[in-house]
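No value in this document is a laboratory result; all are computed from the given coordinates. Here the structure is a predicted model, which means the values were calculated and not measured. Counting neighbours? That spans all protein chains shown, and the Cβs are built from the backbone with ideal geometry, glycine included.
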Amino acid sequence: MFAPTELNHKNRRNQRLVRMLFLWMATMLIIPVVLILGILVYRGGPMISVDFLLTEPTNGMTAGGILPALVGTVWLVVVALLASVPIGIAAALYLSEYASDNWLTRIINLAIINLAGVPSIVHALFGVGAFVLFFRFGTSILAASLTLAVMTLPVVIVATKEALQSVPFAFREACWNMGATRWQTIRRVVLPNSVSGILTGVILEVSRTAGETAPIMFTGAAFFLPFLPQSVFDQTMAMSLHLFVISTQVPGVPEELPFGVALVLISMVLAMNALSIAFRTYLRGRKKW
Amino acid sequence: MVAETPVTASASNARVQTEPTPPFVEVQDLSIHYGGKKILSGVSFDIYENEIFGIIGPANSGKTSFLRALNRMDMFTPGMNVTGTIKIDGHDIQRWKNVYALRRRIGVVFPLPVGLPLSVYDNVALAPRLAGIKRRSELDIIVERCLTRAALWEEVKDRLDSLGSLLSGGQQQRLTIARALSQDPDLLLLDEFSIAVDPVTTMRIEDVLKELKHEITIVLVTNLVQQTRRLSDRTAFLLSGELVEVGETAELFEGKVRDQRTLGYLEGRFG
């Protein structure tokens, strides 16, 4: 009565086969990560020292440390965040909490999707035209950071919108029914319950901003500049561009040096990601509904 | 002076007898559409002060939409279109400029309890805080009074700081009622409040409602015909957006109906 038919056998075989196939695909994802990290640590690891982090490049960038690039990247990221986070969160709040479904909202959403799809080199040229030339910021941290901000704005908006929309709609209705305005509802119920999700999105944005090269190449990042920037109107070195330069543009760079720079850069990004993951885990632990 | 007093008294008595108190809520020719779909078509009825007004009817008869129209939630509901007039206390609510002030006078309890992710205390203190009350001592009094009236105080008085959303379903529903009462409303709207509540708690809440109606006018939307029989003074029967009948609850259940469909629904022959 319970004897399997030929069709049962076939289904079971297929199911095993498909499962194996998918497992394989998924496992292959580990390979590039392990290879990249492994090679970087193996070849770049010996380069890392306090001196490497805290001194300037010397001998035409063939020796010395990476301090100006490290500090420059921090400047670029911080200024970019100062521009993109307030704008992004305000836009997301509008789209998620206030906007009704009309032509304006649809145009804004379309603009965000398209902004996310613009190649980074096009953003770079836009930055040159808009910030460097039109607004006369010159090639500076300000111009480069604003270019980065425009580029990462969609990330902030989408992450914030998702965080806001994870707060159940019933909470909003309950508040409105008490006579709360939309803003009172946002401030007392929606934001306190989504702020952590928003922060997670922001941290992810940081890691992305830190690694970008093209948008800052023509707008504010310098080939070689052995000084620390003093204001947002200065040019600066940056980790990503520095890596590109010493790997391809400068003769006589010792082979291990680019590995060391890449290791520092990827460590910065991974540290940010780890922070973001830790944050999310912490939040999930104290989820309130 | 002394001689005049009885004259005044009898005059006011006479006035009460000749002019019945105006209805607290007047609904005239109210229609509600969602997009192109008609939910409620031209209903008119009155709700009197300090009564429990039951609204019964099967799903999709427009009960919940009526409640939404009552506190102008149509403003926050895309596609919802309300025509006709609703007057509360003599004022046309469509012309009420500050809808937030209107909603503050109307407490709402939903079918599923909504414990906001705040502490028990903050859940109940939210509406007073929104209304601008900041003094802790004042809030303490309101919180205790509302939780007591909602028959929840004894169970939560030792854990006012724990999360409201972590209470049991029945407790959360009473918390929702306490929150609605914290607005000090003139009108309390209950939308099938007992769906997620056990029978014992339901009975306790029903007792609370019977007490409350001396101070507040209550509109009770329910799927449970027996609940409206136990609680409401008058009952309206809605069917597919049409008002079939409004009448004294006792009379309806005695079979004194004008429309045979009412009798059929009350006796459970359809619905």
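If you average the alpha carbon positions of the range A:124-177 and of the range B:82-146, how far apart do those two centres end up, in angstrom? Answer, in whole Å: 36. Taking every DSSP beta bridge that has both ends in chain B, the antiparallel portion is near 60%. Of interest is the spacing of the C-alpha centroids, which for the range A:3-24 and the range B:216-271 amounts to 58 Å.
For chain A, modelled as a GNM whose springs connect Cα atoms under 10 angstrom apart, the maximal fluctuation among A:Pro32, A:Pro226, A:Pro254 occurs at A:Pro32. A simple spin-label model places pseudo-atoms 7 Å from Cα toward Cβ; at B:Arg105 and A:Ser166 they are separated by 4.1 nm.
The trypsin sites (Lys or Arg not before Pro) found in the range B:181-264 that occupy coil by DSSP, while having at most 14 further C-beta atoms within 10 Å, are B:Lys256, B:Arg258. Counting Cβ atoms of other protein chains within 10 Å of each Cβ in B:173-185 and taking the mean gives 1.
Looking at the range A:81-166, the trypsin sites (Lys or Arg not before Pro) that sit in a DSSP loop and have at most 15 other Cβ atoms within 10 Å of their own Cβ are A:Arg136. Computed over neighbours whose Cβ is under 15 Å from that of B:Arg204, the net charge equals -2, Lys and Arg +1, Asp and Glu -1.
Please give me, ordered by residue number, the GluC sites (Glu not before Pro) of the range B:222-260 that lie in loop per DSSP and have at most 14 other Cβ atoms within 10 Å. Walk me through the numbers before you get to the answer.
On the way: sites: B:Glu242, B:Glu245, B:Glu248, B:Glu251, B:Glu254; in loops: B:Glu254.
Answer by residue number: B:Glu254.
Note on the protein assembly as shown: dipole from Cβ charges, positive end direction compared against A:Asn14, B:Gly255, A:Gly72; the farthest Cα belongs to A:Asn14.
Look at where the Cα atoms of the range A:211-254 and of the range B:31-56 average out, and the two centres are 69 Å apart. Legend: helices of chain B (whole DSSP H runs) are marked when their alpha-carbon atoms reach 15 angstrom or more along the helix axis and their mean Kyte-Doolittle hydropathy is at least -1.0; marked are B:4-18, B:120-130, B:136-149, B:169-181, B:199-212. For B:Arg269 and B:Tyr48, a Förster radius of 45 Å and the Cβ-Cβ distance give a FRET efficiency of 0.90, rounded to the nearest 0.05. Comparing B:Gly54, B:Gly115, B:Gly132 in a Gaussian network model of chain B (Cα springs below 10 Å), the most mobile by mean-square fluctuation is B:Gly132.
Which entries in the list B:Lys38/B:Lys87; A:Lys161/B:Lys38; A:Lys161/B:Lys63 go over 24 Å, if you measure between the two C-alpha atoms of each? Each step should come with its number before you reach the end.
On the way: B:Lys38/B:Lys87 22 Å; A:Lys161/B:Lys38 33 Å; A:Lys161/B:Lys63 33 Å.
Where the Cα-Cα span goes over 24 Å, the pairs concerned are A:Lys161/B:Lys38; A:Lys161/B:Lys63.
Picking from B:Val219, B:Val124, B:Val156, which is most flexible by a Gaussian network model of chain B using Cα springs under 10 Å? In the Gaussian network model the winner is B:Val156.
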